[in-house]
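Beneath this line is the structure, given in structure tokens, with notes to follow.
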Amino acid sequence: MLKGYCGKVLRVNLTTRTSSVEPLKETEVTTLLGGRGIAAKYYYDEIGPGVNELGPENKIFFMTGPLTGTPLVSTTKFQLATKSPETRMYLCSNCGGDFGPQLKQAGFDGLIIEGKAAGLTWLSLKDGTLEFHDAAPWKGFTSVKTLAAMREAFGETKAGAMSIGPAGELLVRISYINVDERAFGRGGPGAVMGSKNLKGIIVKGSGDISLADAEKVAAIRKAAVADLKTSRANHTKFGTPQYIEPLNTLGCLPTRNYQTAYFEDCDKVDAHEMVAHYVKKNYACYRCTVACGKMCEVKEGPYKGAVARTEFETVGLLGPNCGISDFAAIVKGNQLCDELGIDTMSAGNAVSLTMELYEKGLITKQDTMGIEARFGNPEALIGIIELIAARKGIGDLLAEGMYGVKKARPEWKRYILDVKGMPFAAYDPRGFTGNGLTNGTSNRGACHNVGGWTIRAELQSGKYDRYALEGKAALVKAAQDSRAYVDSIGMCTVVRGAFGFSEAPTGEVLEAVTGYPFTPKLMEIAQRIYCLERVILNREGIRRRDDLLPERITKETLPSGPTKGRILTEEMYDVMLKDYYGLRGWDADGVVTEETKSKWGLKELLV
Amino acid sequence: MSGAPNGTATTITISIRYLSAIRENTGKRQDALAVPAGSTLSWVAAWLQETYGLAVPGPALMSTINGYGWNQVSGGLSAELHDGDEIALFPLLSGG
């Protein structure tokens, strides 16, 4: 096996309370790299299209990359693949924290969870020793309290750990997995753990990760740290919430359930407000020198004592998109989501939908259990989050995710912002057409990361008009591909630039770690991964109709702000989508052709 | 300033907004400037360099005029300014 890898995957069966160790195949490593790529291959091999996402036959594939846990910078990332309770299809997800590095130091590149435990269970892994534990006394514990309980019971404070909250136990389909206070946030993987009666996993490793050229790794690290000190200084001070004010100024910040893209009270929720009044300390993932996480604390008022790590997406979707201009309420809502165990992004979309339905008279206080669910009401934000996590009132329907809401109430479709059941992130594509294609063609439903984040290029590269269609298909495809390999190496995207991980990869870090010439092949591997994921989606029935954008984007012009009058019509979108399918080698219905499968070697790989 | 025509009697007014982390460099939220009519974006670039030491356009920040990137507008740095133009500077966006 190449250096940088352990060469082993641990498979745990919760039904039989057994485990086994299997080899990681070197051919798969050289063709799919690690992380997202190899997790997708496991998913293809083991999760057929008929698998019930909340049934014992679903599995969770946790997979690290070659850089995970190595002595570089922010080598914290690992991936999961599972069938999503939220979208009812393939899900990939990316997470930081200590778990991935600890798993590798325990001797494993990956961890597969299958079956269903008889009762609520937690797992511990110390180097090669796996143990099953009774978690029944922790039933109903918040995700944060569960992490603390596991650490205490395990006796290792510096272990990597993941847990679910009560929402995951109740199979709320937007439940997340809390990983060392970071998150496998999107797609509802917390409900998969809940369906398996798995409350948490903790891991501690003491081994070293072998390196092909340790001296070179050290030199690359030194140069990257110096680069990041200046290139990411703004992240260190303001974190990702620094994007709130610019995106509002660009007329791209979703406001009141995407009814407009400009929030008049932006000053009350931007990064300066956060830093001036709420940031308690910075938070850094494993070996990260940037520390972009902002631990916020409310010091006074009705939400005094609320504490949460507050990121851009959370601020955008719990704040302006719900009409909320009270940053303290956003922190409180963030904390509730974290503790109860639901994704802040899907929660923000669910709350904003509820508020619009309420204001339009389509639901009443009977549905909201007495909550005055109007935009801008902080108590409504808090209350609806609690309803979702507890599956009470309208929260029981919202807990089914947008896929479930549309199925039950198709007449609400025009108010729902999702693609393939995944709610939008905090960008309005009517302000950047490429972002529309990003949402439509992302392999996990509307996602700004997997789908390829293009806004900077659309604005600054000089090659594009942000409102035009020309060139956007190639732009989005390249962004998707580069993200696919970054998600497979085990390093955070925030620091990728310091290591040459762009759409034209440079540098020697992968060679220094693994001894294998990966860098010139990264974009080829990335396209193979993206194609493999689409093959999976095709197998699950995904076609062109599923790549289309919601009605609000294609039928309603923005009514106010800098992008007033802008729209991304179906006809405009179709121009980009046709270009995109052509570049990908998919047919007119969005199906991967046999020729394309051959081009990326999938016919040999998927036997 | 470079980019300003000689002998111009009239002026126009433009605004420059400093968003998010860029405010750390300027100590203020915005400037309203009276600019000789006929001036171009290069005048603004020189003014920002001289006043705040900001290299615009540059790799460390993003710059727009009326919602478009500086290099999206016709003429680039040679684009002529108009009364009421709104310029915004902000840190590199990279996805949340």
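The values are calculated or read from the model by the stated rules, or taken from the named source; none is laboratory data. Owing to the predicted nature of the structure, the values given are computational and were not obtained by experimental measurement. Cβ placement follows ideal geometry from the backbone for every residue including glycine, while neighbour counts extend to all protein chains displayed. The area values use the complete protein model at the heavy-atom level, side chains included, leaving out ligands, DNA and RNA. Shrake-Rupley method; radii C 1.70, N 1.55, O 1.52, S 1.80 Å.
Computed quantities for the displayed model
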{"item": "Hydrodynamic radius of the stretch B:30-96 per Kirkwood, over alpha carbon pairs, in Å", "result": "12.4"}
{"item": "Straight-distance crosslink candidates among lysines, where the alpha carbon sits under 19 Å from A:Lys216 and sequence neighbours closer than 8 are dropped", "result": "A:Lys3"}
{"item": "Contour minus Cα-Cα distance for A:Asp267 and A:Lys564 (0.36 nm per residue)", "result": "104.9 nm"}
{"item": "Calculated FRET efficiency for the pair A:Asp208/A:Val21, C-beta based, R₀ 22 Å, to 0.05", "result": "0.70"}
{"item": "Set A:Lys158/A:Lys237; A:Lys59/A:Lys420; A:Lys77/A:Lys237; A:Lys268/A:Lys555 screened for pairs whose C-alpha atoms are more than 29 Å apart", "result": "A:Lys268/A:Lys555"}
{"item": "Rounded, prolate or oblate (a/c below 1.5 giving rounded, otherwise prolate when a/b exceeds b/c) for the stretch A:202-277 by Cα gyration tensor", "result": "prolate"}
{"item": "Nonlocal amide H pairs with A:Ile363, under 5 Å, H built at 1.01 Å", "result": "A:Tyr358"}
{"item": "Potential lengthening between A:Glu359 and A:Arg409 on full extension [0.36 nm per residue; Cα-Cα distance subtracted]", "result": "16.3 nm"}
{"item": "Accessible area of A:Met1 in the full protein assembly, 1.4 Å probe (Å², nearest 10)", "result": "90"}
{"item": "Dipole of the protein assembly as shown, positive direction: furthest Cα of A:Ser598, A:Ala468, A:Gly97, with charges on the beta-carbon", "result": "A:Gly97"}
{"item": "Estimated distance in nm for a label pair at A:Ala233 and A:Asn52, the labels positioned 7 Å out from Cα along Cα-to-Cβ", "result": "5.7"}
{"item": "Phi-based couplings in Hz for the stretch A:65-74 (Karplus 6.51, -1.76, 1.60; Gly and Pro marked x)", "result": "x, x, 8, 3, x, 7, x, 10, 10, 6"}
{"item": "Fraction of alpha-carbon pairs over 36 Å apart in chain A - percent", "result": "30"}
{"item": "Cα-based convex hull volume of the stretch A:116-171 per residue, rounded to whole Å³", "result": "85"}
{"item": "In the B-A interface, the accessible area buried, summed over both sides, Å² (probe 1.4 Å)", "result": "2400"}
{"item": "Amide H partners (placed H, <5 Å) of A:Arg466, local residues excluded", "result": "none"}
{"item": "Net charge of Cβ neighbours under 13 Å - reference A:Leu123; Lys, Arg +1; Asp, Glu -1", "result": "+3"}
{"item": "Calculated over the stretch A:241-353: convex hull of Cα atoms, volume per residue (Å³)", "result": "102"}
{"item": "Using θ = phi - 60° and Karplus 6.51 cos²θ - 1.76 cosθ + 1.60, couplings along the stretch B:24-38 (whole Hz; Gly, Pro as x)", "result": "5, 7, 9, x, 8, 7, 6, 10, 10, 10, 8, 10, x, 4, x"}
{"item": "Spatial separation of Cα centroids for the stretch A:387-448 and the stretch B:42-96, in angstrom", "result": "35"}
{"item": "Residues whose placed amide H lies under 5 Å from that of A:Tyr90, excluding near-sequence neighbours", "result": "A:Ser84"}
{"item": "Integer Hz, Karplus 6.51/-1.76/1.60 couplings in order for the stretch B:57-62, x for Gly and Pro", "result": "x, x, x, 8, 8, 10"}
{"item": "Helix-only CD estimate at 222 nm, as mean residue ellipticity for the protein assembly as shown, using -39500 (n - 2.57) per DSSP H run (n ≥ 4)", "result": "-10500 deg cm²/dmol"}
{"item": "Cα-Cα over 32 Å, subset of A:Lys126/A:Lys196; A:Lys564/A:Lys599; A:Lys222/A:Lys281", "result": "A:Lys564/A:Lys599"}
{"item": "Accessible-area order (highest first, 1.4 angstrom probe) of the listed residues A:Asp98, A:Asp579, A:Asp109", "result": "A:Asp579, A:Asp98, A:Asp109"}
{"item": "Projected-area mean, the stretch A:21-69, by convex hull of Cα positions, square nanometres", "result": "4.2"}
{"item": "Net charge, A:Glu114 excluded, C-beta distance under 11 Å - Lys, Arg +1, Asp, Glu -1", "result": "+2"}
{"item": "0 to 90° range, to nearest 10: angle between helix B:41-52 axis and chain B longest Cα axis", "result": "60"}
{"item": "Mean separation of Cα contacts under 8 Å, 6 or more apart, over the residue count of chain B: relative contact order %", "result": "37"}
{"item": "Net charge of neighbours whose Cβ lies under 10 Å from the Cβ of A:Tyr358, counting Lys and Arg as +1 and Asp and Glu as -1", "result": "-1"}
{"item": "Length added when fully stretched, A:Glu215-A:Glu551, from 0.36 nm per residue minus Cα-Cα", "result": "115.5 nm"}
